[in-house]
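This report concerns only the one structure given below.
The values are calculated or read from the model by the stated rules, or taken from the named source; none is laboratory data. Computed from a predicted model, the values in this text were never measured in an experiment. As a convention, Cβ positions derive from the backbone with ideal geometry for all residues, glycine included, and neighbour counts pool all protein chains shown.
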Amino acid sequence: MGSRYQMQERFGPWGRAGQERLRQGRAVVVGLGVLGGTAAMLLARAGVGFLRLVDPDHPSLDNLHRQVLYSEQDVTAGRPKVEAGAAYLRSLNSEVSIETHQVALGPGNALDLLRGCGVVLDGLDSAAARYLLNEACLKLGIPLVHAGVIKAQGQLVVVRPGQGPCLRCWFPSRREPPASSAELGIIGPAAACLASLQTAEALKILVGAQDQVLEGLLSVDLWPPRFRTLEHRHWDRQACPACRGQYELLPGDSPGL
Ligand SMILES: [Zn+2]
């Protein structure tokens, strides 16, 4: 019988060395919904050694068409997403160490929730929380893999602190999106697609394939299918408060110009 990971180890750029790096890897998934739940599942199956799951909520029946971690029983029992998700992930791969936090990301806990991890996956659903996550990743110097999805389309950005544009560089306005998936809808394949792309970037970071990580903003539409990568042509670290270390959302920080 072959080993659990032999098929992905046969992928040349990954190999056994990459698998060992994954085993020692640490990832945090902030938000266990449509994106974070699928990403967490893929990370656990791939053999990432440590996963920290952060989410304050409970799954609901209208989550189940697109969220892979939860069952009808979880909804009926009112199990928190982190608890139901961790149980499912442990059933998939007992080699993965899973830590759960049933809390919302906030200014007071953001740094503690991310500290010690090698990559952060954004599974959040509000612009305000994403800006906070962006600042915390920049402050700690941890790569952030952002994805967003609505209707049948989405976007993907990898923030490499100090090496390229952050979320605020891409989206300078702090406005919330004009409409949410609750209003406009969302289809499962689009969510799974964006979560897969997001996970691929996180795995590249964890296996040490930094030169293969997405540069720019990947825009995806499934209806009809279209993939485009946009460049950020005028990144200026000093023009962005977050990139120059002026954290407006984290507590106790004076501008660090
Ligand atoms: Zn920035």
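Summary table below
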read-out: Meets criteria (surrounded by fewer than 20 Cβ atoms within 10 Å (Cβ to Cβ), touching a Lys or Arg at 6+ places or on another chain (Cβ under 8 Å), modelled with pLDDT of 95 or more and on the phi < 0 side of the Ramachandran plot) for Glu83; value: no
read-out: Segments classed as helices (runs of 4 or more DSSP H), wholly inside segment 1-68, with at least 1 members that are out of contact with any Cys (no Cβ under 7 Å at 6 or more places or on another chain), closer than 24 Å to Ala127 by Cβ and modelled with pLDDT of 90 or more; value: 36-46
read-out: Filter result for Ser91 (at pLDDT 95 or above and surrounded by fewer than 18 Cβ atoms within 10 Å (Cβ to Cβ)); value: yes
read-out: Complete set of residues in segment 208-223 that are of a type in the set (Gly, Ala, Ser) and more than 12 Å from Gly164 (Cα to Cα); value: Gly208, Ala209, Ser219
read-out: First in segment 156-169 and modelled with pLDDT of 95 or more, second anywhere and more than 9 Å from the ligand (Cβ to nearest atom) and part of a strand (DSSP E or B), Cβ under 6 Å, 6 or more apart; value: Leu156/Ala147; Leu156/Leu218; Val157/His146; Val157/Leu217; Val158/Val145; Val159/Leu144; Leu167/His146
read-out: Count of segment 208-254 residues which are within 16 Å of the ligand (Cβ to nearest atom) and closer than 20 Å to Lys139 by Cβ; value: 17
read-out: Qualifying residues in segment 201-241 (those that are among the small types (Gly, Ala, Ser) and in a helix (DSSP H, G or I)) - the one modelled with the lowest pLDDT; value: Ala239
read-out: Tabulated pairs, segment 1-29, first β-branched (Val, Ile, Thr), second assigned to a loop (DSSP other than H, G, I, E, B) and modelled with pLDDT of 95 or more, C-beta under 6 angstrom, 6+ apart or interchain; value: Val28/Cys117; Val29/Gly123
